[in-house]
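**Q** First, the structure itself, so that you have it in front of you.
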Amino acid sequence: MLVGTHHMFSNTTGHDKPGMKIVIVGAGKVGRTLVDQLCKEGNDITIIDEDEKKVEQLTNLYDVMGIVGNGASYKVQVEADLEHADLFIAVTDSDELNLLCCTVAKRVGDTAAIARVRNPDYSEEVSYLRDKLGLTMIINPELESAREIARIFYLPTALEVNSFAHGQAELIKYKVPEGHVLDQVRISDLAQKVLKKYVKLLICAVERDGDVTIPNGSFILKAGDVLSFVLPRRDRKAFLKGLGFKASVVRNCMIVGGGRSAYYLSLQLIHMGISVKIIERDKARCEELSELLPEAVIINGDGTDEDLLREEGLESVDSFVSLTGIDEQNIFLTLHARRVSGAKVITKINRTNFKDVISKMDLGSVIYPRYITSEAIIAYARAKRASYESNIETLYHMYDHRVEAIEFRVDNDSRATGTPLRELKLIDNLMIAFINREGKIILPSGDDKILPGDTVTIVTTNTGLNDLDDIVK
């Protein structure tokens, strides 16, 4: 059906889907990721983009409605039935267009609206823009990626560090080295044989030979396992030091690529007292970065030049991050840095093709900005669908989206509250990682109870949990 300058596609399967009605403007990397995730969770999706080929491709792959047109157009939004939508998301490549789309959407449907905004000029005005435009959320993937990288630099031996309970607890991912004290230890024996005077921890997930397990006490750890465990933030250094892990913050960092991600990351690192060196091939951008980041060293040169990297001290740096716009370059630079230095390396990957191949490479910590964006939005979408008893505060996908870590806020009594955990009949492949009670992090025993006012974090290989009651059979 042709309407004005836009065209509508649909690929319906004939069955009614539960869930929310969501309109997404922008069929790029993030838009595609959102369509994939939100469709899996049973939502009714309409995608809008001016690129007919992108829209047609998504409608052929997923059970979604597609509209070719300008997402900021009143007529296009009316055709998308925005008046009856529960959520509007604008993730085009243009910050200004995203903000305009949301502004129009608030007039058309008065629906919850989320915009992706990446420009540093706007990032300093997020609260003002959100309040004045009536937006539910403004997401900046480069800024959120920088924060995630900075958390990892606090614990250089970690592969991932995910923050919960407003930073009071962390879910940390490590790979068990050969000959380490954790090698061949049964989880039920950790407290007596390994931890002893050190702090308590809870191992929530283990990846071995490509398979992910939510372990019980009889599970025996082995070298090569990639495990995720919860610690109160205050205890992490004492615990890691006790197990022989390096717990010191890195002192310096070399960054290849001087785009927005490098700018946001440099601000984070400089604030942490970490020396920063950026290598960027565009001279004009180097001059701009020199003004924006007077405390950083800015080198105008080709970051893929081995001789230049050696001259600038790659072999002796504490950490190395490749933030070019080309995934292949980021991967090759990381592999080179691992070969010639002992640096902590972090690799940014924009695309999600060939994830199985990438996961088998020794790339250190891998950051996917599009997933960081989609996780925040999906957490909000699930919370909006949830019952009044609880809502989702935080959501992380781990182990290539095979595991979810979800923090629920408990507002009222429910099936999951007031009962000792040992008496709750939890669904399979799920672990209650911790309870946050008035800022105190509780690594729970069977005698502990979930109470209204708590936040509760669970780790599970199940997907799509919207509410705390979903954890109970």
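**Q** For segment 126-146, which residues satisfy the criterion of being surrounded by fewer than 20 Cβ atoms within 10 Å (Cβ to Cβ), touching a residue at least 40 places away in the same chain (Cβ under 8 Å) and either touching a Phe, Trp or Tyr at 6+ places or on another chain (Cβ under 8 Å) or not in a helix (DSSP H, G or I) (or both)?
**A** Once the filter is applied, which keeps residues that are surrounded by fewer than 20 Cβ atoms within 10 Å (Cβ to Cβ), touching a residue at least 40 places away in the same chain (Cβ under 8 Å) and either touching a Phe, Trp or Tyr at 6+ places or on another chain (Cβ under 8 Å) or not in a helix (DSSP H, G or I) (or both), segment 126-146 yields THR136, MET137.
**Q** Could you identify the single residue in ALA113, ALA105 that is among the small types (Gly, Ala, Ser), in a helix (DSSP H, G or I) and either farther than 30 Å from LEU227 by Cα or open to solvent by 40 Å² or more (accessible area, probe 1.4 Å) (or both)?
**A** Sole residue among the options that is among the small types (Gly, Ala, Ser), in a helix (DSSP H, G or I) and either farther than 30 Å from LEU227 by Cα or open to solvent by 40 Å² or more (accessible area, probe 1.4 Å) (or both): ALA105.
**Q** Sticking with this one: Take the residues in segment 375-422 that are of a type in the set (S, T, N, Q) and under 30 Å from ASN140 (Cα atoms), then tell me which one is surrounded by the fewest Cβ atoms within 10 Å (Cβ to Cβ).
**A** Among them, the one singled out is SER387.
Quick grid of which residues meet (1) closer than 30 Å to ASP121 by Cα; (2) touching a strand residue (DSSP E or B) at 6+ places or on another chain (Cβ under 6 Å):
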{"residue": "ARG32", "(1), (2)": "yes, no"}
{"residue": "ASP51", "(1), (2)": "yes, no"}
{"residue": "TYR62", "(1), (2)": "no, no"}
{"residue": "ALA85", "(1), (2)": "no, yes"}
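**Q** Right, something else. Report whether or not TYR371 is part of a helix (DSSP H, G or I) and in contact (Cβ under 8 Å) with a residue 60 or more places away in the chain.
**A** yes
**Q** What are the residue pairs meeting all of these: first residue in segment 275-286, first residue more than 10 Å from ASN300 (Cβ to Cβ), second residue open to solvent by 30 Å² or more (accessible area, probe 1.4 Å) and assigned to a loop (DSSP other than H, G, I, E, B), Cβ atoms under 7 Å, and 6 or more apart or on different chains?
**A** SER275/ARG251; LYS277/GLU312
The values are calculated or read from the model by the stated rules, or taken from the named source; none is laboratory data. From a predicted model like this one, the values you see are computed outputs, not experimental measurements. With ideal geometry, Cβ positions are generated from the backbone for all residues, glycine too; neighbour counts draw on all protein chains shown. Ligands, DNA and RNA are excluded from the accessible area calculation, which covers all protein heavy atoms including side chains. Shrake-Rupley method; radii C 1.70, N 1.55, O 1.52, S 1.80 Å.
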